[in-house]
Amino acid sequence: MIPINILITIFFVPFVLVNQVFPRELTMIEIAQKNFRYFEGINSVEYTVKSEVEIQEKSGTERKLLHELNYKAKNEKYYFGYKQSGDLSEDKILNEEAFDGENYQALSGPYLQIKKGDNISSPTLFDVNALFLPFTHFIAAYSRAKPEAAFPNIKLSDLNNLENWIKLAQDSWSISKAENDVNIKVPGLNLSDCLKLEAKGWLSNKEVVYVVYLDPKRDYYPIAWIRSFSYRRDLRFIYFVKKFGITKIFGSEKSVFYPEEAVLLQFLGGDAPVAESKIYLNNLVFNGNDLDDDVFTFDPGSVSHIFDADGNKIIQVPN
């Protein structure tokens, strides 16, 4: 079942503290190299996310939802637990998923699904995984390379690999200046000095276009973007970073920014959003020593049934 956040909406990241502004226009390769630096040397990460969603109904009534995400990753391995509460659901864990480097696992109550290899598509994480969310130009390019991934499941190992950035930049991006750009107005942000990057990709088998605004004052960190669809002109999304936090990489003196608060707006024609998500990134730890590999594997003895997706069979676990 696709979670409600996908029905409402159809990925945040640290960066090195800098003050240098590059007046000349950069190449796509140089942008890729700068964006890669935000992930360079980061081999593990832990954080939690809260996303408060307000939905305006046609009747004028307002509904509220709360999405909560607990995310842990070590290179290609990951674990996340996702919970939704509010007007449309009970307070409960909707999804727990993990990849231990060999097997993908999905846990739902007493049932455990296992299959070889990773799950390349994750609708649960889409527009909720706050640490990766600003870098939609990478996600869009990734989706062009893997169109079978309806909702691309981007991992830390995808982002801390410079070769990936350069290849995807060459294949999928175009750049221009955002001066006099009237497509987006963001409270508290001046986007006129930004570099504007356009990235085309696929989302749920539909063509999607992202216009991403890269801030030269923050070493071309993506501070805002627009998502639009060629098949539906009235549908668009606007994302922007509202507040930056700062933390250190464990075992290093390097300080990095991260998007502590962000906003995602959905429009269906008109100037007023029909849905607004306030996204908060908390408890962020880079390269911590406490992240054990056991977190990426679920205990089969804790469930009653195991579904072997490769063999297409259900195994009952003895009491």
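The values are calculated or read from the model by the stated rules, or taken from the named source; none is laboratory data. For clarity, every value in this text was computed on a predicted model and none was experimentally measured.
Can you confirm whether region 180-196 contains a residue that is at pLDDT 85 or above and assigned to a strand (DSSP E or B)? Yes, there is a match, as at least one residue in region 180-196 is at pLDDT 85 or above and assigned to a strand (DSSP E or B). Can you report the number of residues in region 213-236 which are within 16 Å of the chain's Cα centre (by Cα) and either farther than 14 Å from Leu189 by Cα or modelled with pLDDT under 90 (or both)? Residues that pass the stated criteria total 2.
Only one of the numbered conditions (1) part of a loop (DSSP other than H, G, I, E, B); (2) at pLDDT below 90 is violated by Ile42, and that is (2).
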